[in-house]
């Protein structure tokens, strides 16, 4: 009987699933769009939430990057703990298992007409490979499709075996692939950059739709399977 218990214990050690298996650190919605920020407004706010999809607490760090911003504007972050001054561009915070919290970006136009693109990256403080990011667009309706297209790369095309999607900005949460009759032949979720196998599909033309976290189609691509 002791041998049986020992065998079961040893087996449990080897087959126990990793606690990272179903976990994910994510910010939603992403990207965030906030239009109509006027010069006389005190602030414009891009609202988003960060979610700890793991079954354990995380100590995290957020880092703010100004991709572009009109001179005279200022930007600040509000996280789960508090709102910070524009001079703060990095901060640690904690998020419990399965919890979500505020990850808002505030812009202050200071009586200037303008626009901004702000990126916030969040990563686990003791494991920088566990990371996610979100991009916040303020007054960027014009030319937004072009900016998204530039940020998301789909290759190779034509292709035989796979499609690679460079989704490093996490604009896309899922992809859908349709044949020429409109039938969906593939659907999968994304996180970062991904390689999707299409080896089993027949040669021909397909429509690839890239979908964001709010179920909006952000890009449509013609894929040629050879």
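The values are calculated or read from the model by the stated rules, or taken from the named source; none is laboratory data. Only a predicted model underlies this, so the values are computations on that prediction, with no experimental measurement involved. Using ideal geometry, Cβ is built from the backbone for each residue, glycine included, and neighbour counts are taken over all protein chains shown.
Structure values in brief
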item	result
Residue 54 vs. criteria surrounded by 16 or more Cβ atoms within 10 Å (Cβ to Cβ) and at pLDDT below 95	yes
Answer from 107, 120 - the residue that is assigned to a strand (DSSP E or B), surrounded by 16 or more Cβ atoms within 10 Å (Cβ to Cβ), modelled with pLDDT of 95 or more and not assigned by the TED database to the domain that holds residue 211	107
Single match in 154, 218, 175 (criterion: in a strand (DSSP E or B), surrounded by 12 or more Cβ atoms within 10 Å (Cβ to Cβ) and touching a helix residue (DSSP H, G or I) at 6+ places or on another chain (Cβ under 6 Å))	218
Hey, residue 129 free of Cβ contacts under 8 Å to residues at least 40 places away in the same chain, under 15 Å from the mean Cα position of the chain (by Cα) and more than 16 Å from residue 67 (Cβ to Cβ) or not	yes
Any chance residue 99 is loosely packed, with under 14 Cβ neighbours inside 10 Å and either modelled with pLDDT under 95 or touching a helix residue (DSSP H, G or I) at 6+ places or on another chain (Cβ under 7 Å) (or both)	no
Count of segment 79-96 residues which are in contact with a strand residue (DSSP E or B) (Cβ under 8 Å, 6 or more places away or on another chain), surrounded by fewer than 16 Cβ atoms within 10 Å (Cβ to Cβ) and more than 16 Å from residue 133 (Cβ to Cβ)	8
Scan of segment 178-215 for residues that are over 24 Å from the mean Cα position of the chain (by Cα), assigned to a strand (DSSP E or B) and exposed (fewer than 11 other Cβ atoms within 10 Å of the Cβ), ordered by number	none
